[in-house]
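A short worksheet on the structure shown next.
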Amino acid sequence: MEKVTIRQASLADADAIAHFHVRVWRQTYRDLAPPEVYALLDETRRRSTWREKLAAEDPDQIVLLAQLEGRPVAIGAAGAPSAAIFGDHGEIKNLYVDPNVKRQGIGRTLLSRLAAHLVERGFPGVGVGVVDGNEPAVAFYDALGGQRAGEYTDAGPIWRSRNIVFVWENGLVL
C-alpha cells in the first residue's frame, strides 16, 4: 500500500470531503440512523456544510484530510465544544475512516493531531461524542484510553442521536 498523506483541508477539498463523508457515514450508520435521515443527509447538504466549515475563519477549528493516491481515506475535524456536556474541553466533531483502510493507524493519527491542535488552542482536554450503538467507534475510543463522561442527545440539524461522551484530560490521546 502507498503512503497515506495527512494535511489540513482547504475549501478546494469540500466536494471530495462531502462525497467521502456521505459514503462512509452511510456505511457506518446504516443500521443506526432512521431511514428518512439518509434522504436528507445527502451529498448536496454535506457539500454545503463542508464549504461553510472550510470557509470559516475560526482559529479553534481544524479539518484534516488523509489521502491515499490522491483520494480521501479519512477526515477529521475539531473545534470549540458544541454542547454543554463537553464543558471547557475541545471537541472532536468528525472522525471518519474508510473501512478499506481501517486498523492501519490512520484514525489514531488523525485523532492525535486533532487533539494536539485543541491543546495548542488552550483547551484543557478533548472530548468526542459517539452515537450509542456505534460499537466499533466505542471500542476504538475505549482502546485509546478515553474516559466515559456521560451521555447527551445531539441537537443536530436533522437526527437527534443519543451519544456517549469520551474525554481525555490534557488532550492526551495515545
List every residue pair whose Cβ atoms lie under 8 Å apart, where the two residues are 6 or more positions apart in sequence or sit on different chains, the first residue falls within the stretch 15-37 and is closer than 17 Å to residue 95 by Cβ and charged (D, E, K, R), and the second residue, located anywhere, is open to solvent by less than 80 Å² (accessible area, probe 1.4 Å) and at pLDDT below 85. 26/38
Every pair of residues 6+ apart whose Cβ atoms lie under 9 Å, when the first sits in the stretch 162-174 and is under 14 Å from residue 112 (Cα atoms) and acidic (Asp, Glu) while the second is modelled with pLDDT of 90 or more and open to solvent by 20 Å² or more (accessible area, probe 1.4 Å): 169/89; 169/124; 169/147
Please go through the stretch 144-161 and give me each residue that is open to solvent by 40 Å² or more (accessible area, probe 1.4 Å) and either modelled with pLDDT of 90 or more or under 15 Å from residue 81 (Cα atoms) (or both), ordered by number. 147, 148, 149, 151, 153, 154, 155
Could you please give the count of residues in the stretch 115-143 that are surrounded by 17 or more Cβ atoms within 10 Å (Cβ to Cβ) and more than 10 Å from residue 90 (Cα to Cα)? 8
For the stretch 88-100 the number of residues that are under 13 Å from residue 167 (Cα atoms) and either among the aliphatic types (A, V, I, L, M) or without any contact (Cβ under 8 Å) to a residue 12 or more places away in the chain (or both) is 1
Counting only residues that are aliphatic (A, V, I, L, M), within 25 Å of residue 80 (Cα to Cα) and loosely packed, with under 15 Cβ neighbours inside 10 Å, the stretch 30-58 contains a total of 2
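Could you run through the stretch 62-97 and say how many residues are of a type outside the set (A, V, I, L, M, F, W, C) and open to solvent by less than 40 Å² (accessible area, probe 1.4 Å)?
First pass over the stretch 62-97, keeping only residues of a type outside the set (A, V, I, L, M, F, W, C): 67, 69-72, 76, 79, 81-82, 87-91, 93-94, 96.
Right, trim to open to solvent by less than 40 Å² (accessible area, probe 1.4 Å) and you get 67, 72, 76, 79, 89-91, 94, 96.
The qualifying residues number 9.
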Would you pick out the residues in the stretch 4-29 that are surrounded by 16 or more Cβ atoms within 10 Å (Cβ to Cβ) and among the hydroxyl-bearing types (Ser, Thr, Tyr)? 28, 29
Within the stretch 62-84, restricting to residues that are outside any strand (DSSP E or B) and not hydroxyl-bearing (Ser, Thr, Tyr), the one that is farthest from the chain's Cα centre (by Cα) is 69
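The values are calculated or read from the model by the stated rules, or taken from the named source; none is laboratory data. None of the values given here were measured: they were computed from a predicted structure. Every residue, glycine as well, gets a Cβ built from its backbone with ideal geometry; the counts of neighbours run over all protein chains shown. These area figures cover heavy atoms from the full protein model, side chains too; ligands, DNA and RNA do not enter into them. Shrake-Rupley method; radii C 1.70, N 1.55, O 1.52, S 1.80 Å.
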